[in-house]
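Novice: Provided herewith is a single structure, encoded as structure tokens, for subsequent inquiry.
What follows is calculated from the coordinates using simple rules that are stated; it is not laboratory data. If you're wondering where the values come from, they're calculated on a predicted model, not measured in any experiment. A quick note on method: Cβ atoms are made from the backbone with ideal geometry, for glycine too, and the neighbour counts reach across all protein chains shown.
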Amino acid sequence: MLFQNYKTEIVPKLKKKLGIKNPLALPRVIKVVINMRVPEGKENKQAVAEAIEELKLITGQHPKVCRARKSVSGFKLRKGDPIGLKVTLRGKRMYDFLEKLFFLVLPRLRDFKGLSLSQFDGQGNFNIGLREQTIFPEINLDKIKKTRGLQVTIVTNTQDQEKAKILLEVLGLPFAKD
């Protein structure tokens, strides 16, 4: 739905708000990156498999297993141990995920009053930290053995934070009212 509405409704709104005539000069979302930490993955390979299935259900795409680059004895970590998962969404899957995140997941959070503007990274990208994966409707609560947090990064093609804010507002991201 968001993917279909982008050219018909969202692009004209952005043109009007930003005063840009060329649709190719408008800010747009390039990709969405979802990260999940699996610290117990170094001892328990089953935990990694469960996390892969959960992230696959949430995003609709198989995640990449991120491994440790070097050994750290203080953390009992060896080079090559699985420590996290990563999914990069683009195109229609990206817009479907954003629609689900903006209109289903975020409003389900308890005491949710909107997202803070301080979550921009200064380069036009927006980061959202979610404490648990159980807020997504695809996750069956009976099968969850451990709650894990997610980090969602929305990457835009603009370096300007104001333009990125206007883009995300038009897409439907709920920002906190000052």
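Novice: Determine the shape class of segment 1-103: with a ≥ b ≥ c the square roots of the Cα gyration tensor eigenvalues, call it rounded for a/c under 1.5, and otherwise prolate if a/b is greater than b/c, oblate otherwise.
Specialist: Judged from the Cα gyration tensor, segment 1-103 comes out prolate (a/c at least 1.5, a/b above b/c).
Novice: Within segment 83-143, list the chymotrypsin sites (Phe, Trp or Tyr not before Pro) lying in a DSSP loop whose Cβ has at most 13 other Cβ atoms in a 10 Å radius.
Specialist: Phe112
Novice: To continue, here is another question. Given a 10 angstrom Cα cut-off, can you work out which residue in Gly149, Gly19, Gly124 is the most mobile in a GNM of the chain?
Specialist: Judging by the Gaussian network model, the answer is Gly19.
Novice: State, as an integer percentage, the relative contact order of the chain based on alpha-carbon contacts under 8 Å between residues 6 or more apart.
Specialist: 30 percent
Novice: If you don't mind, there's one more thing I want to ask. Can you list the trypsin sites (Lys or Arg not before Pro) in segment 37-69 that are in a DSSP coil and have 14 or fewer other beta carbons within 10 angstrom?
Specialist: Here the trypsin sites (Lys or Arg not before Pro) that fit, given the DSSP loop and packing criteria, are Arg69.
Novice: Sticking with this structure for a sec: In a GNM of the chain with a 10 Å cut-off on Cα contacts, which of Asn35, Asn125, Asn44 has the highest mean-square fluctuation?
Specialist: Looking only at Asn35, Asn125, Asn44, the biggest GNM fluctuation is shown by Asn44.
Novice: Multiplying the sequence separation of Arg110 and Asn5 by 0.36 nm and subtracting their Cα-Cα distance, what value in nm do you get?
Specialist: The Arg110-Asn5 span can extend by a further 34.9 nm.
Novice: Moving to a separate point now. On average over all directions, what projected area in square nanometres does segment 77-178 have, based on the convex hull of its Cα atoms?
Specialist: Computed as one quarter of the Cα hull surface, the answer is 8.7 nm².
Novice: Follow-up question, since we're still on this one. Put a dot 7 Å past each Cα toward the Cβ at Lys64 and Arg28; how far apart are the dots in nm?
Specialist: Taking the simple label geometry, Arg28 and Lys64 are separated by 2.3 nm.
Novice: Can you spot the lysines whose alpha carbon is less than 23 Å from Lys79's alpha carbon? Ignore those fewer than 8 places along the same chain.
Specialist: Lys42, Lys45, Lys64, Lys70
Novice: Contour minus end-to-end for Lys16 and Glu138, with contour as 0.36 nm per residue of separation and end-to-end as the Cα-Cα distance?
Specialist: Here the answer is 40.3 nm.
Novice: Could you pull out every residue, at least 5 positions away or on a different chain, whose amide H is within less than 5 Å of the one on Lys31? Hs are placed 1.01 Å off N in the peptide plane, and Pro or chain starts have none.
Specialist: Answer set, sorted by chain and number: Val155.
Novice: Starting from the Cα of Lys13, draw a straight line to each of the lysines and keep only those under 17 Å, dropping any in the same chain fewer than 8 residues away.
Specialist: Partners found: Lys21, Lys163, Lys165.
Novice: Taking the square root of 5 times each eigenvalue of the Cα gyration tensor, what semi-axes in Å does the equivalent ellipsoid of the chain have, largest first?
Specialist: Gyration-tensor ellipsoid for the chain: 33, 18, 15 Å.
Novice: Please work out the FRET efficiency for the pair Lys92 and Ala176, using the Cβ-Cβ distance as r and a Förster radius of 25 Å; give the result to the nearest 0.05.
Specialist: Approximately 0.30, to the nearest 0.05.
Novice: Neighbouring Cβ atoms within 10 Å as the yardstick, rank Val65, Val170, Val72 fewest first.
Specialist: Least crowded to most crowded, the residues run Val72, Val65, Val170.
Novice: So what are the ³J(HN,Hα) numbers for segment 159-168, from phi and the Karplus equation (6.51, -1.76, 1.60; θ = phi - 60°), rounded to whole Hz, Gly and Pro as x?
Specialist: 8, 8, 5, 5, 5, 5, 5, 5, 4, 5
Novice: Kirkwood hydrodynamic radius (Cα pairs, Å) of segment 110-150?
Specialist: 12.4 Å is the Kirkwood radius here.
Novice: Taking amide H positions as placed 1.01 Å from N in the peptide plane, with prolines and chain starts having none, which residues 5 or more places from Ala68, or on another chain, fall under 5 Å of its amide H?
Specialist: Here Gly80, Asp81, Ile83 satisfy the definition.
Novice: For every helix of n ≥ 4 consecutive DSSP H residues, a contribution of -39,500 (n - 2.57) applies; sum these over the chain, divide by its total residues, and give [θ] at 222 nm rounded to the nearest 500 deg cm²/dmol.
Specialist: Counting only the DSSP helices, I get -8000 deg cm²/dmol.
Novice: What list of ³J(HN,Hα) couplings, whole Hz, do you get for segment 13-21 from phi and the Karplus terms 6.51, -1.76, 1.60, once you set θ to phi - 60° and write x for glycine and proline?
Specialist: 5, 5, 4, 5, 5, 8, x, 10, 7
Novice: In whole Hz, what ³J(HN,Hα) sequence does segment 50-62 give by Karplus (6.51, -1.76, 1.60; θ = phi - 60°), x for Gly and Pro?
Specialist: Computed from phi, the couplings for segment 50-62 are 5, 5, 4, 5, 5, 5, 5, 5, 5, 9, x, 9, 6 Hz.
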